[in-house]
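The values are calculated or read from the model by the stated rules, or taken from the named source; none is laboratory data. Just so it is clear, the model here is predicted, and its values are computed rather than measured. Cβ coordinates were reconstructed from backbone atoms using ideal geometry, including for glycine residues, and neighbour counts include every protein chain displayed.
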Amino acid sequence: MNTASDPLSAALADLGWSAFFTDQLTAEDDALVPMRIATVHRARLTAESGRGPVRLILPIATNTADYAVGDWALVEPDTNTLIRRLNRQSLLERHTEGARVPQLIAANVDTLFIATSCNDDLNPARLERYLALAAEAGTKPVIVLTKADQVPDIAPYRDQVTGLQRDLPVVAVNTKSPETLAILAPWCASGQTIAIVGSSGVGKSSLLNTLAAKTGEDAQLTGEIRESDAKGRHTTTSRSLHAIATGGWVIDTPGIRTLHVSDIAAGLGEVFAEITELAPNCRFRNCTHAHEPGCAVQAAVKAGELDSARLARWRKLTDENTANTPVQTGPRGNKITKVGGKKR
């Protein structure tokens, strides 16, 4: 695809098309056109084509749950019939308690905006779950402190989140202010895709409205946090792809009250890098960093080099991940999958 001479190719590049997807095309795909999934519903999908929105015709037995907002798909242009989905460069997915398969959140996301408000709703333990989710998906996280205009000093809130991951960008915004566009511009260039996650009521819908310049009937519904307990109400109930006014694309997501972890050991290792890097220095290979002699992690805690609360949160998430991650068991050739490995 020549983005320099082909207007449609240029439009697709603005939409996030890249060499990663071009490399998946074969000669059999010459008659097809790529489109990006914009909304996912129980019985229908819509897509952005580079020339505008399109409602896709779905083949019989298509399961829309297999598609995420942000996916790239190949489509028959005359009928808008969905032919196949391309492999994803990144995938954000949510594991829910009791579900056999994870719930897809968003695909091919470059940056994850993790929104949390400057009030009592700010919860470092919850944010670490989002950070692990982003790390596992290969998506760059940014903490967005919302409602910054409603507190006299954002420093206490910034201090709570700055050390949650190495080199973690943290920005503070008033989600309803036009200045937000300039603050978040480094992650919103043409061809870039961001997704917004966070608890209900932290200002995700307001942030999307500002980024996408949505007003009036086009605007996403917003809801304020209750003053009594700093909890929010769900206003976004589905996922959708929107053009950012200054470039790029944003995926809105419903508020997530509970984010279970499963099969994200690598993500946890990246978020808690200071613990991961100390572990090889422990006397025992299977050290739990709780009570064993010669534990380098506990030594760092005693020396004041590692926060004991941070270690406790790492242990809780690691135990939960171990308990929820499916494992193969049984004799060779007759293995079965069970959820829940040995707890630490």
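Descriptive notes on the structure:
- Condition broken by Glu217, with the remaining ones in (1) modelled with pLDDT of 65 or more; (2) assigned by TED's automatic domain parsing to the domain that holds Asp110; (3) outside any loop (DSSP other than H, G, I, E, B) satisfied: (1)
- For Ala31, the conditions (1) assigned to a strand (DSSP E or B); (2) farther than 28 Å from Pro102 by Cα; (3) of a type in the set (A, V, I, L, M) all hold with the exception of (1).
- Looking only at the range 59-70, residues that are surrounded by fewer than 16 Cβ atoms within 10 Å (Cβ to Cβ) and either touching a residue at least 60 places away in the same chain (Cβ under 8 Å) or assigned to a loop (DSSP other than H, G, I, E, B) (or both) come to 5 in all.
- Strands (runs of 3 or more DSSP E) wholly inside the range 93-176 that include at least 1 residues being modelled with pLDDT of 95 or more and of a type in the set (Val, Ile, Thr): 111-117, 140-146, 170-172
- None of Arg126, Arg36, Arg84 is surrounded by fewer than 21 Cβ atoms within 10 Å (Cβ to Cβ) and over 30 Å from Ile154 (Cβ atoms) except Arg84.
- First in the range 301-313 and farther than 25 Å from Arg126 by Cβ and assigned by TED's automatic domain parsing to the domain that holds Pro124, second anywhere and surrounded by fewer than 18 Cβ atoms within 10 Å (Cβ to Cβ) and of a type in the set (Gly, Ala, Ser), Cβ under 7 Å, 6 or more apart: none
- Any hit, the range 28-48, residues being in contact (Cβ under 8 Å) with a residue 60 or more places away in the chain, in contact with a strand residue (DSSP E or B) (Cβ under 7 Å, 6 or more places away or on another chain) and small (Gly, Ala, Ser): yes
- For the range 184-214, the set of residues classified as at pLDDT 90 or above and surrounded by fewer than 16 Cβ atoms within 10 Å (Cβ to Cβ) consists of Ala185, Pro186, Ala189, Ser190, listed by residue number.
- When the residues of the range 228-266 are filtered to those that are modelled with pLDDT under 70 and small (Gly, Ala, Ser), the one that is surrounded by the fewest Cβ atoms within 10 Å (Cβ to Cβ) is Ser228.
- Boolean, Ala73 is under 17 Å from Val33 (Cβ atoms) and surrounded by fewer than 20 Cβ atoms within 10 Å (Cβ to Cβ): yes
- Yes/no for Ala11 being among the aliphatic types (A, V, I, L, M) and at pLDDT below 95: yes
- Tally of residues being over 27 Å from Ala68 (Cβ atoms) and assigned to a loop (DSSP other than H, G, I, E, B) across the range 177-186: 2
- Tally of residues being modelled with pLDDT of 55 or more, in a strand (DSSP E or B) and not aliphatic (A, V, I, L, M) across the range 309-344: 2
For (1) polar (S, T, N, Q); (2) more than 21 Å from Pro7 (Cα to Cα), each residue gets a yes or a no:
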position	(1), (2)
Leu25	no, no
Glu28	no, yes
Ala31	no, no
Gly50	no, no
Pro53	no, no
Asn63	yes, yes
Trp72	no, no
Asp78	no, no
Thr116	yes, yes
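- Failed criterion for Val54 (all others in (1) hydrophobic (A, V, I, L, M, F, W, C); (2) under 21 Å from Asp252 (Cβ atoms); (3) touching a Phe, Trp or Tyr at 6+ places or on another chain (Cβ under 9 Å) hold): (3)
- The set of residues in the range 71-92 that are part of a loop (DSSP other than H, G, I, E, B) and either among the aliphatic types (A, V, I, L, M) or in contact with a Pro (Cβ under 6 Å, 6 or more places away or on another chain) (or both) contains only Leu86.
- Among the residues of the range 14-27, just one is free of Cβ contacts under 8 Å to residues at least 60 places away in the same chain, of a type in the set (A, V, I, L, M, F, W, C) and closer than 11 Å to Leu74 by Cβ, namely Leu25.
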